[in-house]
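Written below as C-alpha cells is the structure these notes are about.
The values are calculated or read from the model by the stated rules, or taken from the named source; none is laboratory data. Just so it is clear, the structure is predicted and the values come from calculations on it, not from any experiment. Quick reminder, even Gly has a Cβ in these numbers, built from the backbone with ideal geometry, and neighbours come from all protein chains shown. Please note that ligands, DNA and RNA were not included when accessible areas were found on the heavy atoms of the full protein model with its side chains. Shrake-Rupley method; radii C 1.70, N 1.55, O 1.52, S 1.80 Å.
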Amino acid sequence: MISIEQLRVEFGGSPLFDDISFLINPKDRIALVGKNGAGKTTLLKLLAGKMSPTKGTISLPRDLTIGYLPQHMIHNEGTTVMEEASSAFEHIHVLEKEIEQLGVELATRTDYDSDDYHRIIDRLTHQQEHLQIIGNGNYEAQIEKTLLGLGFLRSDFSRPCNEFSGGWRMRIELAKILLIRPDVLLLDEPTNHLDIESIQWLESFLIGCGSAVLLVSHDKAFIDAVTTRTIEISLGKLYDYAVNYSEYIKLRKERHEQQVRAYENQQKMIQDTEEFIERFRYKATKSVQVQSRIKQLDKIDRIEVDMEDTSRLNLKFPPAPHSGIIPLEVEHLSKAYGDHLVLDNIGLIINRGEKVAFVGKNGEGKSTLVKCIMNEIEYSGKLKLGHQVKIGYFAQNQASLLDDSLTVFQTIDYVAVGDIRTKIRDILGAFMFGGEASDKKVKVLSGGERSRLAMIRLLLEPVNLLILDEPTNHLDMRSKEVLKEAIKTFNGTAIVVSHDREFLDGLVTKVYEFGNKKVREHLGGIYDFLLFKKMENLRELEVSNLAVKNQNSDHAQKQSSENKLNYEARKELSRKIRKAEKEVEEAEKVISSLEQEISAMEANLQQAEFASDPSFIMRLQTVQRDMEHKLYEWELLCEQLETLKNNE
C-alpha cells in the first residue's frame, strides 16, 4: 500500500535516516519505537506529507486517504463540538451539493443531443456512484458514537470548542480523523489526553477499524493491545519485527546481543590489523601485505551498535519527614462551579505510606479534589491534613513556575542536596536531558521538556505526601520506569492521578474512582479495579434491561389486567425479532461473500499484471469500502436485534 524506498533525511548535514526502506500493508497495525530523537515523529510527518525527504521515495496509491494526529496542533475556533466533528464529512456535503447542481442544470437544458449535455450526464452518474461507494447514510450516528466513546457527554455536543481544555480539543481532532475512516492512521501519542475508559474504547476501535495504523506511544499496555508489528528506529537504521511490543523487547535483546558480539569481533579484527600495519609499516619485505591490510581496513563496513546504558538508575526520593498516621481525611466535601456540581458530599481517608490512584473520566472531579487539597479553591465540608504533612505537588502548570533564566542543570543543582548532587547528570539523562541538553536555558524548552524538569525537581525535595497529576504524559518508557521505582520505594504517602495502566500496575494498592459526583474506594491494584468495572458494567446493563422490562410490564398492565404483554403485542414483537434476525443473517452472508472476494483479489495482487492495473486496484478499494459499510450496517442491525430481544 505504501512503499518507502532508500529514504534519507539530513539535518545540518547529519543523517537522521540512512537509506531506510519498508512497506506498510493494508490492515497493518504498527508500533513505531526508538529513543527520543531517533526520528519517530519525523517519519510520521514524512508519511503524512508534512515534510520532504532529503533523498528517496515514498510511493502510495493516488486515492489513498491518510489521517494524521500530531502531538501538537492549531485548533479551529468558533465552532461547536458537533460542528467540528461533522467537518469530517465535508467531502460528502461537497459531493451532495455538486450532484444537486448537476441535477438542476440538466433540468433546465434542452440540448439533449449535445456533447455538453452528455458530459453532464456522465459526470452526474459518476458522482452518484461515488457517493454510493463512500456512503451518505446516517453519519450523525457515527459522530455521536465516536464522541461518546472518547468521553464526551451529549450535553457537550452543542458547546463551543474553545470552552474545552487542550486535551479535550485534541480528542475532537482525534474524533474527526477516526470518523473519516482513512486507509492509513498516523497517530503520535494519541493516549496522552485520554482517560482509561477512552483508551480502552480507542483500542477496540483501532483493532476493528480495518485501516492500517502506524502509531507512536509510550503506553505499553495500549501498544501491546493494538499493534501486531513493531518497527524500531536506531542510529538511522530501521529494524522490522512482525510481533507486538512485548515480544519485540525479547527479540531486540537477542539482536542487540548478536550486534554487540559482532561489533566486538570486528573491533578485535581492526585492532589486530592496525597492529600488523604499525609493526611492519617500514619493512620493505612486508610492504605488499601492509598495503593489502590498509585497503582491507578502508573497505570494512563498520558495525554500529546502539549501546544502551543498561545500568539501573536507582533514583530515590529523600527520606520523607515523619507525618501523622492519617495524612489526609475528607468528610462531606462538596464543590460546585456556579450551578455545576462536581463533587457531592464525598469522603475518604488515606493512611500514612499508602500509594493510591485517582481514576475516572476527565471532568469527574479528580483535579478539583487535588486543588481542594492544595487549598487553591474554596469548597464546603471538611478536609484535614495530618500532623506535619509536607506536600510535593506535580501538575502541568508547575512547569510555568520554573526560572527561565537558569539552565536545566542549574535548576536541579539549586535544589539537590547531599550525595544526590553527584548523580545530577545521570538523573537528567534518565529524563531525556543528557549531554548538551542539560546546558539549555529553561526559556527555550518545550512544554513537555519543562514538565519533565519540574518532575525532576520534585523528586529531590524532602516531602511526605506526593500528589502527582498525570506525571507520565511527557515521559518515555525508561523515564517512567525510573519514576515508578522511585515512588514504590518512597517511604511517604502518594496520590497519583493517571490514566496509564502500565504505570499504575504494581504501584498502587487502592483505587479511588470518580464518577457521578461521587468517589468510590476500591481495594487492590489497577487491574483488579478494571476487572471489577467490567463486572459492574454487566450488572448495570442487567439493571437497565430490568428497568426496560418493568416499563413494558407497567405499560401492559395499563392495557390489560395481565402482568405481561398481550397476545397481539407479543405476536408483533416476535415478528419484528424474526425480521431483524433475518436481516442480520443476510448481512452476515454478504459480509462472508465480500471477505472471500477481497481475499481472492488480494491474492491476485501478488501477480504483476493485477498489481499494475489501476482499474483492478480501484475495484478492490470499492469492495473494501463496501465491506466497511456492510460491517457498520451489521453492527447497527445487531444492536437493534438485541434491543428487541431485551423487550421480550
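In plain terms, the chain from ILE349 to ILE121 could stretch by 74.7 nm, reckoned as 0.36 nm per residue minus the Cα-Cα distance. Within the accessible area of the chain, the carbon and sulfur atoms contribute 50%, probe 1.4 Å, all protein chains present. Classify the range 206-345: rounded, prolate or oblate, from the alpha-carbon gyration tensor (a ≥ b ≥ c, eigenvalue square roots; a/c under 1.5 rounded; otherwise prolate if a/b is larger than b/c)? Prolate shape, in that a/c is at least 1.5 and a/b is the bigger ratio.
The value of relative contact order for the chain, using C-alpha pairs under 8 Å at least six residues apart, is 12 percent.
Placing pseudo-labels 7 Å out from each Cα toward the beta carbon at SER292 and LEU23 gives an inter-label distance of 4.4 nm.
Annotation: per residue accessible area for the chain equals 53 Å², rounded to a whole number [probe 1.4 Å, protein chains only].
Here the Kirkwood formula puts the hydrodynamic radius of the range 84-134 at 11.9 Å, using every distinct Cα pair.
Which one of ILE177, ILE231, HIS193 is farthest out on the positive end of the charge dipole of the range 163-288, using unit charges on Cβ (Lys, Arg +1; Asp, Glu -1) and the Cα centre as origin? Looking along the dipole axis, the top candidate is ILE231. Kindly provide log₁₀ I(q)/I(0) values, in the same order as q = 0.13 Å⁻¹, from the Debye equation applied to equal alpha-carbon scatterers of the range 42-122. Debye curve over Cα of the range 42-122, log10 I(q)/I(0) at q = 0.13 Å⁻¹: -0.75. Projecting the Cα atoms of MET618, LEU328, ILE121 onto the charge dipole of the chain (Cβ charges, centred on the Cα centre) puts LEU328 farthest toward the positive pole.
Protection proxy ranking of 429-441, 20-32, by the mean of other Cβ atoms within 10 Å over each peptide's residues and highest first, is 20-32, 429-441. Choose one of GLN266, PHE529, SER451: the residue whose Cα lies farthest towards the positive end of the charge dipole of the chain (beta-carbon charges +1 Lys, Arg; -1 Asp, Glu; about the Cα centre). Selected residue: GLN266. Compared with the alpha-carbon gap, the fully stretched path from THR422 to GLU595 is longer by 56.0 nm at 0.36 nm per residue.
Taking the three principal axes of the alpha carbon atoms in the range 163-266, the coordinate ranges are 61, 28, 24 Å, sorted in descending order. For the peptides 55-66, 481-492, residues were scored by their other Cβ atoms within 10 Å and the scores averaged per peptide; the highest-first order is 481-492, 55-66. Its Cα gyration tensor gives the range 404-493 an equivalent ellipsoid; the semi-axes, largest first and in whole Å, are 20, 15, 12. If R0 is 60 Å, the Cβ-Cβ spacing of SER615 and GLU642 corresponds to a FRET efficiency of close to 0.90. The stretch between TYR337 and TYR139 holds 67.8 nm of extra length on full extension. This uses 0.36 nm per residue minus the Cα-Cα distance. Under a 5 Å amide H cut-off, with hydrogens placed 1.01 Å from N, GLY392 pairs with ASN464, LEU465, LEU466, ILE467 among residues at least 5 apart or on other chains.
Think of each Lys and Arg Cβ as +1 and each Asp and Glu Cβ as -1; about the Cα centre, that makes the dipole of the chain roughly 2440 debye. Across q = 0.12, 0.15, 0.25 Å⁻¹, the range 114-216 modelled as identical point scatterers on its alpha-carbon atoms has Debye log10 I(q)/I(0) values of -0.52, -0.71, -1.44, in the order of the q list.
Rounded to the nearest 20 debye, the dipole magnitude of the range 50-119 is 640 debye, with +1 charges on Lys and Arg beta carbons, -1 on Asp and Glu beta carbons, and the Cα centre as origin.
Suppose we look only past 18 Å in the calculated P(r) of the range 235-305. What percent of the Cα-Cα pairs does that tail hold? More than 18 Å apart: 56 percent of the Cα pairs in the range 235-305. Within the shell defined by Cβ-Cβ distances under 12 Å, the residues around SER86 carry a net charge of -4, with Lys and Arg each +1 and Asp and Glu each -1.
For q values of 0.16, 0.25, 0.30 Å⁻¹, compute log₁₀ I(q)/I(0) with the Debye formula on a Cα-only model of the range 451-512, without solvent. So the normalised log intensities work out to -0.47, -1.27, -1.89. By the gyration tensor of its Cα atoms, with a ≥ b ≥ c the square roots of the eigenvalues, what is the shape of the range 167-212: rounded for a/c under 1.5, prolate for a/b over b/c, or oblate? Cα axes put the range 167-212 in the oblate bin. Two-decimal Rg/Rh of the chain from alpha-carbon positions, Kirkwood Rh? That ratio equals 1.04. The convex hull drawn around the Cα atoms of the range 335-426, when projected onto a plane and averaged over every direction, covers 9.2 nm².
In this simple spin-label model, placing a label point 7 Å from the Cα along the Cα-to-Cβ direction at both THR285 and GLU10 gives a separation of 4.8 nm. Between SER158 and THR79, the modelled labels are 2.0 nm apart [label points 7 Å from Cα along Cα→Cβ]. The order of the peptides 576-583, 225-232 by mean Cβ neighbours within 10 Å, most packed first, is 225-232, 576-583. Report the calculated FRET efficiency for SER574 and LYS534 (r = Cβ-Cβ distance, R0 = 41 Å), to the nearest 0.05. After rounding to 0.05, the efficiency reads 0.80. Please report how far the C-alpha centroid of the range 347-382 lies from that of the range 189-245, rounded to the nearest whole angstrom. If we compute the Cα centre of each part, the gap is 32 Å.
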